[in-house]
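Trainee: Below are the structure tokens for one structure; questions will follow.
Quick note: the coordinates plus some simple rules give every number you see, no bench work behind them. Since we're looking at a predicted model, the values are computed, not measured. Don't worry about glycine lacking a Cβ; one is built from the backbone with ideal geometry, like all the others, and counts go over all protein chains shown.
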Amino acid sequence: MDHERLDVEIIDHDFLTRTHLGRLQELFDGEYRHTHGRWSPHRPYGYSPADVHVLIYRGEELLGHAGFQRRGITVGHHRIRVGGTGGVLITEAERGTGIGRILLHHIRQTMREAPQVEYGYLGCGESVVPFYEAAGWHRIAAAERSLSRATGRPRYVAAGAPIMILPVSRSLDQWPRGVVDLHGTPW
């Protein structure tokens, strides 16, 4: 894979152009439209939208995306500032080529430069836990409170579902114990 021909763009959500939005919709609809309907930039499939987007291109073709939203969450009785990460997607043709690793490297770098991000935070499926672990994310065991994507009602998930954190400005051993309250919908 020729990674030298890749371009990375980091852009705040408010500065996305119609061209960006069109390419993002094509990327996400190509993967999820048949099961989740059309993608929306303001409430992507019911999840919380990103404040910051990392995009990887080859020429004009969008190959991958990851985004994060800055938010204060509560873990036990401790307030933590996270970059809630979501919308991590690589085109099917580019999976396994290392583009995902590059994307996560840039997410980490962008979070390090972002004010008030102590940890990256995401929920994922079991099958992709090794992918995130290889990029420096760590699985934690915690129950999680959030608001339902579909109804907006409070939701509680018992410990066991994959929750991953990425130390950004604090260390892994500084992550407190307790129930995680996202104070909103997941990413």
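Trainee: Find the Cα radius of gyration of the stretch 37-107, compare it with 2.2 N^0.38 Å by division, and give the number to two decimals. Kindly include the intermediate steps, with their values, before the conclusion.
Mentor: Details: Rg = 14.1 Å, N = 71, 2.2 N^0.38 = 11.1 Å.
After normalising by residue count via 2.2 N^0.38 Å, the value is 1.27.
Trainee: Indicate, rounded to the nearest 5 percent, the antiparallel portion of the DSSP beta bridges found entirely in the stretch 1-125.
Mentor: Values: 25 of 28 bridges.
Rounded to the nearest five, the antiparallel share is 90 percent.
Trainee: In degrees, nearest 10, range 0 to 90: what is the angle between the Cα axis of helix 99-113 and the longest Cα principal axis of the chain?
Mentor: The answer is roughly 60 degrees.
Trainee: A further question on this structure: Taking R0 as 22 Å, what's the FRET efficiency between E92 and S40 from their Cβ-Cβ distance, rounded to 0.05?
Mentor: Numbers: r = 22 Å, r/R0 = 0.98.
That gives a FRET efficiency of 0.50.
Trainee: How large is Rg over Rh for the stretch 1-60, taking Rg from the Cα atoms and Rh as the Kirkwood inverse mean of 1/r across Cα pairs?
Mentor: On the way: Rg = 12.5 Å, Rh = 12.6 Å.
Over the Cα atoms of the stretch 1-60, Rg/Rh equals 1.00.
Trainee: Once both axes come from the Cα atoms, what is the angle between helix 18-36 and the longest principal axis of the chain, in degrees from 0 to 90, rounded to 10?
Mentor: Here the helix axis deviates by roughly 70 degrees.
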